[in-house]
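Below is one structure, written out as structure tokens, with a few remarks after it.
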Amino acid sequence: MSTVLPQPAPDAPAPKVPAHVAIIMDGNGRWAQQRNLPRAKGHEKGAESVRVAIKTCKKLGIKFLTVYAFSVENWNRPKPEIEALMTLLKKFLRNEEREFHENKIRLRAIGRLSDLPKSVRRELNHVMQATEHYRDATLVLALSYGGRTEIAHAAQELARKVKAGTLDPDTINEAAISANLYAPDIPDPDLMIRTSGEMRISNFLLWQVSYAELYITDTLWPDFREEHLAKAVEEYGRRHRRFGLVG
Ligand code: FPP
């Protein structure tokens, strides 16, 4: 069943749509537990929510969607759960490639990608290469991702340049750090959504969310559908972003 998004009045000003939405997809485990199902079933249903979110972003005109699919900390989960997530990821990449082509969606990934099993990396690289010319919309998968790890990585890159004599340490500023993050060409998120009611950032895009609007919903990620994303975007449209300035 497809939901009807709220329509603005004919003379209403164009709604404010975020260019970049980042999502902490939380609550898969609890969703499964509530149904006496294995946690992997929650992740499976969560993968469906990712598909819905991609389609909804396209529909709403959101150019960038970044989802926290696997954190550096998630490697400490039980091995069967890690394996289930990696298998799901491969399946998702294989099944969605056609959808990406049809909708001209570019796939990107951020994180310590070398940590991923070879078979996942192969699938990921294949889809990223096959879609790299699309510019209508971009899906960014955060995989083996940690915000602190990303900032430490940027510091290493800068230190290497200083050591090589190509960078003057006195010129290192915010722009220099941003330029050495995993995806420097992607704008910072305007809106960060977290599902399942937890009030935490959990090491996600720490540098980039400095001025993002936060939206937290009690809905568990596997239940997150078009109307939930539309509601978050609507709420974003009502916020007044001041970026530290006077309103
Ligand atoms: C957090 O829920 C979710 C994850 C650690 C994994 C997110 C993965 C998916 C949504 C599916 C795979 C992704 C793609 C892109 C195919 P949790 O397990 O911590 O939930 P809990 O807090 O209720 O236990």
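FYI, it's all coordinate maths here, none of it is from the lab. All figures in this text were calculated on a predicted structure; none of them were measured in a lab. Every residue, glycine as well, gets a Cβ built from its backbone with ideal geometry; the counts of neighbours run over all protein chains shown.
Assign one of three labels to segment 12-77, namely rounded, prolate or oblate, based on the Cα gyration tensor with a ≥ b ≥ c the square roots of its eigenvalues; rounded applies when a/c is under 1.5, prolate when it is not and a/b is larger than b/c, and oblate otherwise.
Values: a/c = 3.15, a/b = 1.99, b/c = 1.58.
Prolate, because a/c is 1.5 or more and a/b exceeds b/c.
Listed here are the pairs LYS90/LYS231; LYS41/LYS63; LYS55/LYS118; LYS55/LYS79; LYS55/LYS90; which of them are more than 24 Å apart at the Cα?
Values: LYS90/LYS231 30 Å; LYS41/LYS63 30 Å; LYS55/LYS118 28 Å; LYS55/LYS79 31 Å; LYS55/LYS90 19 Å.
Over 24 Å Cα-Cα: LYS90/LYS231; LYS41/LYS63; LYS55/LYS118; LYS55/LYS79.
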Skipping prolines and chain starts, which residues have an amide H placed within reach, meaning under 5 Å, of the one on SER71, given they are 5 or more residues away or on another chain? SER144, TYR145
Could you tell me the extents of segment 75-202's C-alpha atoms along the three principal axes, largest first, rounded to whole Å? 48, 37, 32
Over all directions, segment 135-246 yields a Cα convex hull whose mean projected area in nm² is 9.6
Just to be sure I understand: with springs between alpha-carbon atoms less than 10 Å apart, which residue in THR171, THR87, THR131 has the highest mean-square fluctuation in the Gaussian network model of the chain? THR171
Can you pull out the GluC sites (Glu not before Pro) in segment 166-247 that DSSP calls coil and that have at most 15 other Cβ atoms within 10 Å? GLU198
Going out from 0 in 5 Å bins, what whole percent of all Cα-Cα distances in the chain drops into each bin? 1, 6, 13, 16, 19, 17, 13, 7, 5, 2, 1, 0
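Please check the chain for the longest run free of chymotrypsin sites (Phe, Trp or Tyr not before Pro) that are loop-located per DSSP (anything but H, G, I, E, B) and have at most 13 other Cβ atoms within 10 Å. Walk me through the numbers before you get to the answer.
On the way: sites that count: TYR211, PHE243.
Result for the longest clean stretch: 1-210.
Can you give me the relative contact order of segment 127-247 as a percent, contacts being Cα pairs under 8 Å and 6 or more apart? Kindly include the intermediate steps, with their values, before the conclusion.
On the way: 89 pairs, mean separation 26.8, N = 121.
Across segment 127-247, relative contact order equals 22 percent.
Restrict the search to segment 92-189; then list the trypsin sites (Lys or Arg not before Pro) that DSSP places in a loop and that have at most 11 other Cβ atoms within 10 Å of their Cβ.
Working: sites: ARG94, ARG98, LYS104, ARG106, ARG108, ARG112, LYS118, ARG121, ARG122, ARG135, ARG148, ARG160, LYS161, LYS163; in loops: LYS104, ARG112, ARG135.
Within segment 92-189, the qualifying trypsin sites (Lys or Arg not before Pro) (loop, at most 11 other Cβ atoms within 10 Å) are ARG135.
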